[in-house]
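Everything below concerns the one structure shown next.
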Amino acid sequence: MRQALVTIAVTRRQLLGAVAALSVFSPVIAFAAHGASPLKVVETTIVDAPPDKVWAVVSDFAHADWLPGVVRVEASGDDVPDQARRRLIMADGGVIEELLTKRDAERMLLGVHREGDDVKRLPATNYTALITLRPAEDGKTQLEWKARFYRGYPNNDPPPELNDDVAIAAVRTMQRAYLAALKAKVEASVPSPRQ
């Protein structure tokens, strides 16, 4: 019995020593293994059209030829989340492939995930967007384009062209261009009120 108590005491002391040693080194280990953190950009605009008119354009996943630089869209999956895919054929010959991840007509939410990363086109990886529409004053629509992504270089010490700041700036620029193009398309199709 006494030998068992001594063994337990020694084992407990060894365990506490190991925990103390890990607590000293764990910040260093955690820092060294950290890598890229998720990033977020949220852009909003007001569209001078009612939400149903904006939703008609936003939710038409297969016909996103209003996106800047897109000359043709090849789509499949009938707007069904996790099945619908589109290939955006760009004016410069490039291709962007996207998956529809969410489509909620009642809440006016649309989710899109960019499949495959081309850090030369967008210095970010694992880009996912959630587009949300809300009624605004005077029959207008508030449109929010929220994105989550990682910088273009997933490991520690990224090169300057693939760091967090560059990824955030590029995504912000892209989303502002998307919002401006969407706003222009919707507002051009809505008749202006008579004066």
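Which of the residues that make up segment 87-99 are touching a residue at least 24 places away in the same chain (Cβ under 8 Å) and closer than 18 Å to ASN126 by Cβ?
Across segment 87-99, the qualifying residues are LEU88, ILE96.
Here's the yes/no breakdown for (1) open to solvent by 60 Å² or more (accessible area, probe 1.4 Å); (2) at pLDDT 95 or above:
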site: PHE31; (1), (2): yes, no
site: HIS34; (1), (2): yes, no
site: ILE46; (1), (2): yes, yes
site: ASP65; (1), (2): yes, no
site: ARG72; (1), (2): yes, yes
site: ASP82; (1), (2): yes, yes
site: MET90; (1), (2): no, yes
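What's the total number of residues in segment 50-75 that are more than 20 Å from the chain's Cα centre (by Cα) and polar (S, T, N, Q)?
0
Scan segment 85-99 for residues that are out of contact with any strand residue (DSSP E or B) (no Cβ under 7 Å at 6 or more places or on another chain) and not charged (D, E, K, R) and jot them down. Lay out the reasoning, then the answer.
First pass over segment 85-99, keeping only residues out of contact with any strand residue (DSSP E or B) (no Cβ under 7 Å at 6 or more places or on another chain): 92-94.
Of everything in segment 85-99, those that are out of contact with any strand residue (DSSP E or B) (no Cβ under 7 Å at 6 or more places or on another chain) and not charged (D, E, K, R) turn out to be GLY93, GLY94.
Looking at (1) under 15 Å from the mean Cα position of the chain (by Cα); (2) open to solvent by 60 Å² or more (accessible area, probe 1.4 Å); (3) more than 22 Å from HIS63 (Cα to Cα), find the lone condition where ALA169 falls short.
ALA169 satisfies every listed condition except (2).
Could you figure out which of (1) open to solvent by 40 Å² or more (accessible area, probe 1.4 Å); (2) in contact (Cβ under 8 Å) with a residue 12 or more places away in the chain isn't true of GLU106?
(2)
Are there any pairs, at least 6 apart or on different chains, whose C-beta atoms fall under 6 Å, with the first in segment 127-139 and open to solvent by less than 30 Å² (accessible area, probe 1.4 Å) and the second β-branched (Val, Ile, Thr), and if so, which?
Taking only residues 6 or more apart or on different chains, the pairs are ALA129/VAL112; ILE131/VAL58; LEU133/VAL54; LEU133/THR141.
The values are calculated or read from the model by the stated rules, or taken from the named source; none is laboratory data. Since we're looking at a predicted model, the values are computed, not measured. Every residue, glycine as well, gets a Cβ built from its backbone with ideal geometry; the counts of neighbours run over all protein chains shown. The accessibility values were calculated without ligands, DNA or RNA, using every heavy atom of the protein model including side chains. Shrake-Rupley method; radii C 1.70, N 1.55, O 1.52, S 1.80 Å.
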